[in-house]
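Step one of this worksheet: look at the structure below.
The values are calculated or read from the model by the stated rules, or taken from the named source; none is laboratory data. Quantities reported herein were computed from a predicted structural model and do not represent experimental measurements. Every residue, glycine as well, gets a Cβ built from its backbone with ideal geometry; the counts of neighbours run over all protein chains shown. All accessible areas refer to the heavy atoms of the entire protein, side chains included, with ligands and DNA or RNA removed. Shrake-Rupley method; radii C 1.70, N 1.55, O 1.52, S 1.80 Å.
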Amino acid sequence: MNLSPYRVAPDSPQIGAILSLIRKSFAFMDGRIDPPSSMHRLTEKAVADHAARHEIWALGTPPLAVVFLTVKPGRLYLGKLAVDAGFRGQGLARRLVAQAEARARALGLPVVELETRVELVENHAAFSKLGFVQTGETAHPGFDRPTSITMQKSLA
């Protein structure tokens, strides 16, 4: 099986499998994070639109791991990082984070940024091991407490 990162095209036959992978990978958050994950609002059309306007990278066919990338001012935003449960612990997330870093460098962006929910302390630890540091906290609309933390990795 080819596990080289590939960019997903908006008309890829993998769009449905990508959505399914994200839903399965993020399901553990249900009842654990508040507000619920934006994954619940994600559709095949939204995935295809992201691939058209931004970037989606995947490993494997069908996809075993996926990440959404979005250029923002001065940084590359990494979102929706998902790995098939049967393939966790094999470095697939690390490979997609490395792909995000390579894309940021190619685009002349000095920082990769992500957000993770306050409750998901295991994600904080995993991203810290990959060189990310907490740079801020945000609250979703209607919340008077932080609901997400922002983490960044400088590529300088």
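The table below lists the values:
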read-out	value
Positive dipole terminus of the chain, leading residue within ALA17, VAL121, GLY136 (C-beta point charges)	ALA17
Alpha-carbon radius of gyration plus Dmax, which is the widest Cα pair, for the range 40-156 in Å	14.3, 42
Cα gyration tensor shape of the range 108-156, rounded if a/c is under 1.5, else prolate or oblate by comparing a/b with b/c	oblate
Rounded to whole Hz, the Karplus (6.51, -1.76, 1.60) HN-Hα couplings of the range 141-150, x for glycine and proline	x, x, 10, 9, 9, x, 10, 9, 10, 9
Heavy-atom accessible area per residue - the chain, 1.4 Å, Å²	51 Å²
Local electrostatic count, LEU42, Cβ distance below 11 Å [Lys/Arg +1, Asp/Glu -1]	+2
Å³ per residue enclosed by the Cα convex hull of the range 1-100	106 Å³
Summed residue charge, Cβ within 14 Å of LEU107's Cβ, Lys/Arg positive, Asp/Glu negative	+2
Total lysine pairs under 21 Å (Cα atoms) in the range 34-156, excluding pairs fewer than 8 apart on one chain	6
Rounded if a/c under 1.5, otherwise prolate or oblate - the range 79-142, Cα gyration tensor axes	oblate
Carbon + sulfur, % of accessible area of the chain - ligands and nucleic acids excluded, 1.4 Å	55 percent
